[in-house]
Amino acid sequence: MGNPAGVKRDFDALEERRLRAYTLIKRGLADAEVARQIGVHRQSVGRWRKQVGESGRGGLKKAGRAGRKPRLSATELRKVERGLKAGPETFGYETGLWTLERVAELIERECGVRYHRGHVWWLLRKLGWSCQRPTGRALERDEDAIGEWKKKRWPQLKKKPSGRAAR
């Protein structure tokens with residue numbers, strides 16, 4: 001049940017809904033009627049009524065953030081992004097390619113937090129970076145000659161349909 005994958009819960013809206021139900025409960029309405037007016041299941045209203053009985057109105061307040069606390073703060077994430085923009089060569093690597101292992105080493109070096117390389121991609125996506133593979137091209141490549149070949153020579157070499165397929 002719960003929320004569909006990738007949909008974030010609006011904790012403020014959920015708390016507001018519970019507090020609206022609280023006012024209806026205090027008016028003496030039945031659980032089923034409160035559920036109908038709020039648009040929730042009757043069992044939820046029963047659970048909220050029980051929380052109000054145990055903790056008062058404060059029992060319906062939001063609990064805070066959901067999930068595990070992030071291991072990197074916002075300033076540490078900015079520090080990692082500055083390192084990524086500087087490029088791998090500035091950190092002693094021979095090539096200009098960031099790999100997940102290299103990014104994990106960068107995070108550990110800059111922030112002192114160890115990340116498994118399999119989890120680094122999540123941080124990269126959070127920072128707006130995407131996985132890209134550089135295209136291998138020969139240094140001697142002549143783009144003009146290739147374009148000319150594609151326009152003139154390739155149509156001559158390309159097989160044309162014959163017989164019934166030509167129609």
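The values are calculated or read from the model by the stated rules, or taken from the named source; none is laboratory data. This one's a predicted model, so the numbers in the text were calculated from it and none came from an experiment. Note that we place each Cβ from the backbone using ideal geometry, even for glycine, and neighbour counts take in every protein chain shown.
Filter segment 57-102 down to residues that are among the acidic types (Asp, Glu) and part of a helix (DSSP H, G or I) and give me whichever is farthest from residue 44 (Cα to Cα).
Result: 89.
For the list (1) of a type in the set (Asp, Glu); (2) in contact (Cβ under 8 Å) with a residue 40 or more places away in the chain; (3) surrounded by 13 or more Cβ atoms within 10 Å (Cβ to Cβ), I need the number of the one condition that residue 33 fails.
Against the list (1) of a type in the set (Asp, Glu); (2) in contact (Cβ under 8 Å) with a residue 40 or more places away in the chain; (3) surrounded by 13 or more Cβ atoms within 10 Å (Cβ to Cβ), residue 33 comes up short only on (2).
On the given criteria, is residue 60 under 23 Å from residue 8 (Cα atoms), in contact with a helix residue (DSSP H, G or I) (Cβ under 7 Å, 6 or more places away or on another chain) and surrounded by 10 or more Cβ atoms within 10 Å (Cβ to Cβ)?
yes
Residue-by-condition table, conditions (1) more than 30 Å from residue 105 (Cβ to Cβ); (2) in a loop (DSSP other than H, G, I, E, B):
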residue	(1), (2)
137	no, yes
144	yes, no
148	yes, no
161	yes, yes
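Please state which of the following conditions residue 55 fails to meet, knowing it meets all the rest: (1) among the small types (Gly, Ala, Ser); (2) surrounded by 10 or more Cβ atoms within 10 Å (Cβ to Cβ); (3) farther than 30 Å from residue 21 by Cα.
The number of the failed condition is (3).
In a helix (DSSP H, G or I), surrounded by 12 or more Cβ atoms within 10 Å (Cβ to Cβ) and either at positive phi or modelled with pLDDT under 90 (or both), is that true of residue 45?
Against the criterion (in a helix (DSSP H, G or I), surrounded by 12 or more Cβ atoms within 10 Å (Cβ to Cβ) and either at positive phi or modelled with pLDDT under 90 (or both)), residue 45 does not qualify.
Have a look at 150, 85, 50, 79 and point out the one that is in the same structural domain as residue 25 (by TED's automatic domain parsing) and modelled with pLDDT of 90 or more. Reasoning before the result, please.
On the way: 150 fails: in the same structural domain as residue 25 (by TED's automatic domain parsing); 85 fails: in the same structural domain as residue 25 (by TED's automatic domain parsing); 79 fails: in the same structural domain as residue 25 (by TED's automatic domain parsing).
When all the criteria are applied, what remains is 50.
Restricting attention to segment 95-127, and to residues there that are small (Gly, Ala, Ser) and at pLDDT 90 or above, which single residue is surrounded by the fewest Cβ atoms within 10 Å (Cβ to Cβ)?
It comes out as 112.
Hey, can you tell me all the residues within segment 63-74 that are closer than 16 Å to residue 15 by Cα and not charged (D, E, K, R)? First the steps, then the outcome.
Step one: list which residues in segment 63-74 are closer than 16 Å to residue 15 by Cα, which gives 63-66.
Of everything in segment 63-74, those that are closer than 16 Å to residue 15 by Cα and not charged (D, E, K, R) turn out to be 63, 64, 66.
Given the condition of a type in the set (Val, Ile, Thr), over 30 Å from residue 19 (Cα atoms) and surrounded by 13 or more Cβ atoms within 10 Å (Cβ to Cβ), answer yes or no: does some residue in segment 81-94 qualify? Reasoning before the result, please.
Here is the first cut: in segment 81-94, the residues of a type in the set (Val, Ile, Thr) are 90.
Pick out the ones that are also over 30 Å from residue 19 (Cα atoms) and you get 90.
Imposing the further condition that a residue be surrounded by 13 or more Cβ atoms within 10 Å (Cβ to Cβ) reduces the set to none.
No - not one qualifying residue is present in segment 81-94.
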